[in-house]
Each structure stands twice: as structure tokens, then as C-alpha cells.
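Bear in mind these aren't lab numbers, they're just calculated from the coordinates by the rules spelled out. Quick caveat, the model's predicted, so the values are computed rather than measured. No Cβ is skipped: glycine too gets one built from the backbone with ideal geometry, and neighbour counts run over all protein chains shown.
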Amino acid sequence: MFLVLKKGASKKEIQTIEKRLHLRREFDYSKHFGKIKLKNDPLCIQKDLRNEWK
């Protein structure tokens, strides 16, 4: 997300932009950690994918 700050903006406009930036919610990634079930070791999967084109 980005907000545009134009040259010559008043203090009030700058403050509203700051408020918008602080209102942005952070996403909680921790609830998704460890949810994928793999049949093979991740390193073996990565090596297989990289060697796929040879």
C-alpha cells in the first residue's frame, strides 16, 4: 500500500496521510505456520525442481 504526498501539502493533509498509514492492519501469519503436509523432505523437492530442466 502506498499513499501519495504531493509537494506543498498542508500539515492537515500530511496528518491525514499519517493516520491512514497507521490504520493499516497487520496480517497475522503465525496462524498459518506449519500447516502444509509434505510427503518428501523439502530439500529433496527443491533439488528435484531445479534438476527438472536438465
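Would you list, by chain and number, the lysines whose Cα falls below 26 Å from the Cα of Lys31, excluding same-chain residues fewer than 8 positions away? Within the straight-line cut-off, Lys31 pairs with Lys39.
Projecting the Cα atoms of Asn51, Ile36, Leu21 onto the dipole axis of the chain, where Lys and Arg carry +1 and Asp and Glu carry -1 at the beta carbon, places Leu21 farthest toward the positive end. Look at the Cα gyration tensor of the chain: its axes a ≥ b ≥ c give a/c of at least 1.5 with a/b at or below b/c, and that counts as oblate.
The trypsin sites (Lys or Arg not before Pro) of the range 1-40 that meet both conditions, a loop assignment by DSSP and at most 11 other Cβ atoms within 10 Å of the site Cβ, are Lys6, Lys7, Arg24, Arg25, Lys35, Lys37, Lys39. Assuming charge only on the beta carbon of Lys and Arg (+1) and of Asp and Glu (-1), the dipole of the chain about its Cα centre is about 260 debye to the nearest 20. Taking θ as phi - 60° and the Karplus parameters 6.51, -1.76 and 1.60, the scalar couplings of the range 3-13 work out to 10, 8, 10, 7, 5, x, 5, 6, 4, 5, 5 Hz in sequence order, x denoting glycine and proline.
Cross-link partners of Lys12 among aspartates and glutamates, defined as those whose alpha carbon lies under 18 angstrom from its own and excluding same-chain residues fewer than eight positions apart, are absent.
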